[in-house]
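The values are calculated or read from the model by the stated rules, or taken from the named source; none is laboratory data. This one's a predicted model, so the numbers in the text were calculated from it and none came from an experiment. In this analysis, Cβ positions are derived from the backbone assuming ideal geometry, glycine residues included, and neighbour counts consider all displayed protein chains. Keep in mind that these areas ignore ligands, DNA and RNA; they rest on the heavy atoms of the full protein, side chains included. Shrake-Rupley method; radii C 1.70, N 1.55, O 1.52, S 1.80 Å.
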Amino acid sequence: MTKTQNFAVLGLQWGDEGKGKIVNFLSPNFHATCRFQGGHNAGHTLIVNGKKLILHLLPSSICEKDALSLIGKGVVLSPNDLFEEMSEANTFLEGVEDRLKISSACVLILDHHKKFDQCREKSNSFKTIGTTGRGIGPAYEDKVGRRAIRLVDCFYEKILEEKLRENLDFYNFMFNKLFSVEEVSFQETFEKALSYGERLRPMTKDISKLIIEMNNDGKKVLFEGAQGALLDVDNGTYPYVTSSNSSAAGIASGSGLGPLSVINILGIAKAYTTRVGEGPMPTELFDDIGIHIAEKGGEVGATTGRPRRCGWFDAVAMKKVIQSNSIKSLCITKLDVFDGMESVKICDSYDNSDEFFEESLNLDHVKPQYIELSGWKKPIHGLKTLDDFPKEAIEFISKIEEVCGVSVDIISTGPERESTIFKNEVI
Ligand code: GDP
Ligand code: IMO
Ligand code: MG
């Protein structure tokens, strides 16, 4: 039995809760950080020495010189985009390639997955989801359809040839018959995939074995969620979700570990709610307050540059994901965005809901009911201790704790790593 306690940071809303900032803040306490699901649809923002860095595939610990960055088998990997991100990171970080370890079981995203994603989003025959257009859905569809190309396949020419032919037969049929667009060349895709294999092979490791060895040596690993619990394919607002298990259930399967390998899970939520793309969002604001929050919070997608929809904190959806993610500890980010507002609201119940809507998170027709609280005049932006907090900001946090039934242990007051307050110890 290992005494080591691994730790996870998960987004609890529709993504962009500030996971990157918090992982970067916590990562000096860990020997490695592991991404276990999603792909380069993620956009995690860090401020490192005053410079803004947006990570899509690289774990947010990449700046820690002594820590490893791990990519588990549940991640869908676009080699091209990874290389681009690595070369950007290399311009101001040393040894990126040496610190990065990737599972050979990762499913690959190749050009035709992106093309398919984009064709389907544009087609009138399919529901528009508002995806990032990066091929995430098709790659996961390949995985469950048992036709995926995995990184390991690129190490063996004969195996790759056989698998890629089958895979491209499927896609080219769809491109031709369904979307009436040009087919994808087998030879070109094959050569590219072989070259990806060659370049990635030295970075490849058995990630589950590595984590178990680290734990046995008393080293702790931090698991970094991508997207958010409400975008989870099983527990989110289906079908307006991403295609992976972005909630706690994905940690074990996506890293090849047992379900008890991570006991401490920190849930991250903004003081309000945002969403990019289509799908229900009960507390969405269509008025000046929504515009004010979007502007002050800089709510523009880190991956696609699309404006994020903004609304009040939804404690009903939050309570549901607290249960489905075994959350005992919350981190509330972007509380500073409320500085100077007259009043703030929290949605504590829905009208027009029933057991079936709740089970399926079908939020299309629910009507949010709100508690209204006083805002605060004295800004909290950048504060590093609770001593200087206005009582109204403390009351807002206490109300979240009361309605959601879990304690808020970390409060974030700005995008920089230092603008973070431990209300209670979590690690
Ligand atoms: P992630 O995908 O969960 O990592 O979040 P994103 O990076 O996509 O979006 C969060 C945005 O909010 C980024 O621009 C962060 O720099 C910024 N941010 C994070 N925490 C805070 C905070 O407490 N206050 C403010 N004002 N900005 C924050
Ligand atoms: P981070 O990790 C916010 C959303 C897309 C779309 C849906 C499906 O930065 O929080 P996909 O391309 O995954 O098939 O798109 O999921 N989405 C995100 N929204 N933050 C993200 O990641 C997201 N990743 C995907 O906008 O609605
Ligand atoms: Mg993001």
*Farthest toward positive dipole pole in the range 269-422 [+1 Lys/Arg, -1 Asp/Glu at C-beta], among GLN369, SER329, ILE400*: SER329
_Normalised alpha carbon radius of gyration of the chain [divisor 2.2 N^0.38 Å]_ = 0.98
*Mind listing the phi-derived Karplus ³J(HN,Hα) values for the range 272-279, rounded to whole Hz, using 6.51, -1.76 and 1.60 with θ = phi - 60°, and x for any glycine or proline?*
9, 10, 9, 8, 10, x, 7, x
_Could you work out [θ]222 nm for the chain from helices alone, using -39500 (n - 2.57) per DSSP H run of at least four and dividing by all its residues? Round to the nearest 500 deg cm²/dmol._
-9000 deg cm²/dmol
*Just by accessible area at a 1.4 angstrom probe, what is the order of THR304, THR420 from largest to smallest?*
THR304, THR420
*By how many degrees, between 0 and 90 and to the nearest 10, does the Cα long axis of helix 391-404 differ from the longest principal axis of the chain?*
60
*Where the accessible area of the range 269-422 is counted over protein heavy atoms with a 1.4 Å probe, how much of it, in %, is carbon and sulfur?*
50
_Sum of side-chain charges, ASP336 neighbourhood, beta-carbon under 15 Å (Lys, Arg +1; Asp, Glu -1)_ = 0
*asked:* Less than 13 Å Cβ to Cβ from PHE155, Lys/Arg counted +1 and Asp/Glu -1: what total charge do the surrounding residues give?
replied: +1
_As a test of reading the structure, rank HIS112, HIS381 by solvent-accessible area (1.4 Å probe, protein chains only), most first._
HIS381, HIS112
_Selected from TYR240, THR204, GLN187, residue furthest toward positive end of dipole (the range 148-254; charges at beta carbon)_ = THR204
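Sort HIS292, HIS44 by heavy-atom solvent-accessible area, probe 1.4 angstrom, most to least.
From most exposed to least exposed: HIS292, HIS44.
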_Hits among lysines - C-alpha to C-alpha of LYS122 under 24 Å, sequence gap 8 or more where chains match_ = LYS114, LYS143, LYS177
*asked:* Need one value: the accessible area of LEU260 in square angstrom, 1.4 angstrom probe, rounded to the nearest 10.
replied: 150
*When DSSP assigns beta bridges and you keep just the ones with both residues in the chain, what percent turn out antiparallel, to the nearest 5?*
40
*Please list, or write none, the aspartates and glutamates whose alpha carbon is within less than 20 Å of the alpha carbon of LYS391, excluding same-chain residues fewer than 8 places away.*
ASP336, ASP339, GLU342, GLU372, GLU401, GLU402, ASP409
*Counting only protein heavy atoms, what percent of the accessible surface of the range 107-200 is carbon or sulfur at a 1.4 Å probe?*
49
*Separation of the range 381-404 and the range 268-345 by C-alpha centroid, Å?*
17
*Any idea of THR91's accessible area? Nearest 10 Å², probe 1.4 Å.*
110
*So what is the relative contact order of the range 297-370, in percent, for Cα pairs below 8 Å that sit 6 or more residues apart?*
29
*asked:* Per residue, how much accessible surface does the chain expose to a 1.4 Å probe? Answer in Å², no decimals.
replied: 43
*In degrees, nearest 10, range 0 to 90: what is the angle between the Cα axis of helix 186-200 and the longest Cα principal axis of the chain?*
60
*Against the longest alpha carbon principal axis of the chain, how many degrees, from 0 to 90 and to the nearest 10, is the axis of helix 157-173 turned?*
70
*Run the 1.4 Å probe and let me know the accessible area of TYR156, rounded to the nearest 10 Å².*
110
